[in-house]
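Chemist: After the structure tokens below, expect a handful of questions from me.
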Amino acid sequence: MEDFIELVPDASNLIESQRSIGYTFQTAVADIVDNSISAMAKNIRINFNAGNENHDAYIVINDDGTGMSKIELLDAMKYGSKSSLYSRDRNDLGRFGLGLKMASFSQCRKLTVVSKKSGQVNAYQWNLDVISEQQKWMCRVLNPMDIENLPLNYELEKSGTSVIWQNFDKLVQTENFGPIFDELLDNTQDHLALVFHRYLSEEGVNIFANERKLEAVDPYFTRNKATQPLEEEYIRFADENIIVKPYVVPYQKKLSQSERLIMRRYSDLGLNQGLYIYRNKRLIAWGKWFRIIHTNELANLAKIRVDIPNSMDSLWNIDVKKSTLSVPPALKNEIRTIIMRTIGKSVRVYKHRGNLRNKDNLLHVFDRYEKENQISYQINRKNPLIIQLQQNLSDIDKRLLENLLQDVEQNIPFETIRYDMASDKEVTKRSISDDESYEQIMALLSLQVTKESKKSLLEALKYSDAYQDKKAVIERIEEELDD
């Protein structure tokens, strides 16, 4: 018969070694919010306090969920309380039964959890300094007086849970600690508003950060009429359905002012083209193609929502932080097909935006030529401004003008334009006031001798690309000519 010996891991060494698993402040807070949502909470309040001479810094995450009994709370405080091999409730946002502890200890040394259920309040506390001193898994049981002295901020009503972080040894506590904490608060609000945007907008969940209610960040701008939601598709995999919903989002000039502000504010979160992968409506990873295709400027408007159930965690290699994953190889071909269809729609939007030359009645500044899979842009020599200029130049000056036009054509900064159009910055044209346009047109007309020639030139300018937004100015000048 084989002999076995139980080897209990050293408590302090195990916890300390896991503190650098890779949580950021934002992902750690999001992990606690996951637990609140899994507990059916509708109101989640996060209070940040940078501390002062009377008390240390702390964070309290309070919810009005179902709460936990004494036994349930003890189980939640235990490391590895729920195996990832066990089947979970379909709405459970948990992963390994480690998130509460590992997320908390990635940021602080003292974790306190207070929970109320069926009228009973229970509270337990992990303190890494105590564990280090005792070299044992010593969890403190808090009595009513201890609970009363905690910075709870909100009383638990019928049921709910409060998670308290204290002793932030990972943050440099200097005289500038307050601004550091404020910046963390701002970044965390942005992160939560995106990661939980579907709970905020669809499930009636409210998240408050220092009393400020978070507004959902919709990466697809679904309220914008120019957004194109494409047909929802289902991929059957491992006896479950993966739901894929592609979107072609508006290009920048079609965004509202508030949507442009969102793009600027959340630029660090990477609201780029790519897959947006959700686990039970909770955004896990986004804004890239996960090596299924290469990043493509023409796909800049393509965003594809992918919904997976929590039963597929291991197949997608979702980590304990719920912030990274990998697409199963068996799914890549099917997802690639959907991506390419969506990119095709995105390309058509770009072409429509580009306003193909020679396909309308306007006299454009540039004409577009396509031959044998090559595209070039040439300055339109029939533009009335160029014609007028040529009529008033000597032969030598005409040759100089032609040399200048060719020089401009040969040195259009295509690479820079491509880069700028693919970025999240707004590319704008230099605007000219109505008064400036009036002076320009009047200067051109002054070179014409007869009234008929002036009217003829003015008629040509009506169809000039350069004056399409100056029709009121042209009408004003026409009235003046008729007087």
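The values are calculated or read from the model by the stated rules, or taken from the named source; none is laboratory data. Everything numeric in this text was worked out from a predicted model, so none of it was measured. Please note: Cβ atoms are built from the backbone with ideal geometry, for glycine as well, and neighbour counts cover all protein chains shown. Each accessible area value is taken on the protein alone, full model and side chains, heavy atoms only, with ligands, DNA and RNA left out. Shrake-Rupley method; radii C 1.70, N 1.55, O 1.52, S 1.80 Å.
Chemist: Taking the stretch 202-228 as the search range and keeping residues that are in a strand (DSSP E or B) and not aromatic (Phe, Trp, Tyr), which one is surrounded by the most Cβ atoms within 10 Å (Cβ to Cβ)?
Modeler: Applying the filter and picking the extreme gives Ile207.
Chemist: Shifting gears a bit: Of all residues being surrounded by 11 or more Cβ atoms within 10 Å (Cβ to Cβ) and aliphatic (A, V, I, L, M) in the stretch 359-381, which is modelled with the lowest pLDDT? Just the residue, please.
Modeler: Per the criteria, the residue is Leu362.
Chemist: Restricting attention to the stretch 233-248, which residues are in contact (Cβ under 8 Å) with a residue 40 or more places away in the chain and in a loop (DSSP other than H, G, I, E, B)?
Modeler: The one that is in contact (Cβ under 8 Å) with a residue 40 or more places away in the chain and in a loop (DSSP other than H, G, I, E, B): Ala238.
Chemist: Follow-up. If you check Tyr154, Tyr124, which single one turns out to be in a strand (DSSP E or B), touching a residue at least 40 places away in the same chain (Cβ under 8 Å) and surrounded by fewer than 20 Cβ atoms within 10 Å (Cβ to Cβ)?
Modeler: Selected residue: Tyr124, the only one of Tyr154, Tyr124 that is in a strand (DSSP E or B), touching a residue at least 40 places away in the same chain (Cβ under 8 Å) and surrounded by fewer than 20 Cβ atoms within 10 Å (Cβ to Cβ).
Chemist: So which residues in the stretch 441-465 are among the acidic types (Asp, Glu) and modelled with pLDDT under 75, if there are any at all?
Modeler: Asp465
Chemist: Within the stretch 36-62, how many residues turn out to be in contact (Cβ under 8 Å) with a residue 12 or more places away in the chain and closer than 21 Å to Asn167 by Cβ?
Modeler: 14
Chemist: Say we look at the stretch 186-198 and pick out the residues that are surrounded by fewer than 20 Cβ atoms within 10 Å (Cβ to Cβ) and not polar (S, T, N, Q); which of these is modelled with the highest pLDDT?
Modeler: Per the stated criteria, the residue is Arg198.
Chemist: Report, by residue number, each residue of the stretch 25-62 that is among the charged types (D, E, K, R) and surrounded by fewer than 16 Cβ atoms within 10 Å (Cβ to Cβ).
Modeler: Of everything in the stretch 25-62, those that are among the charged types (D, E, K, R) and surrounded by fewer than 16 Cβ atoms within 10 Å (Cβ to Cβ) turn out to be Lys42, Glu53, Asp56.
Chemist: So, in the stretch 320-349, of the ones that are in contact with a Phe, Trp or Tyr (Cβ under 9 Å, 6 or more places away or on another chain) and in a loop (DSSP other than H, G, I, E, B), which residue ends up nearest to Lys245 (Cα to Cα)?
Modeler: If we take residues in the stretch 320-349 being in contact with a Phe, Trp or Tyr (Cβ under 9 Å, 6 or more places away or on another chain) and in a loop (DSSP other than H, G, I, E, B), then Val327 is nearest to Lys245 (Cα to Cα).
Chemist: Follow-up. Within the stretch 1-24, which residues are assigned to a loop (DSSP other than H, G, I, E, B) and either among the small types (Gly, Ala, Ser) or surrounded by 10 or more Cβ atoms within 10 Å (Cβ to Cβ) (or both)?
Modeler: Hits for the stretch 1-24 are Pro9, Asp10, Arg19, Ser20, Ile21, Gly22, Tyr23, Thr24.
Chemist: Still on this model: When the residues of the stretch 307-326 are narrowed to those that are β-branched (Val, Ile, Thr) and open to solvent by less than 10 Å² (accessible area, probe 1.4 Å), which ends up modelled with the lowest pLDDT?
Modeler: Ile318
Chemist: Considering only the stretch 429-478, state which residues are in contact with a strand residue (DSSP E or B) (Cβ under 8 Å, 6 or more places away or on another chain) and not small (Gly, Ala, Ser).
Modeler: Tyr463, Asp465, listed by residue number.
Chemist: Surrounded by 19 or more Cβ atoms within 10 Å (Cβ to Cβ) and not small (Gly, Ala, Ser): does that describe Arg260?
Modeler: Taking the combined requirement at face value, the residue does not satisfy it.
Chemist: Please indicate, with yes or no, whether at least one residue in the stretch 427-440 is among the hydroxyl-bearing types (Ser, Thr, Tyr) and at pLDDT below 80.
Modeler: yes
Chemist: Working only within the stretch 270-294, note down all residues that are open to solvent by 30 Å² or more (accessible area, probe 1.4 Å), touching a Gly at 6+ places or on another chain (Cβ under 6 Å) and outside any strand (DSSP E or B).
Modeler: Once the filter is applied, which keeps residues that are open to solvent by 30 Å² or more (accessible area, probe 1.4 Å), touching a Gly at 6+ places or on another chain (Cβ under 6 Å) and outside any strand (DSSP E or B), the stretch 270-294 yields only Asn272.
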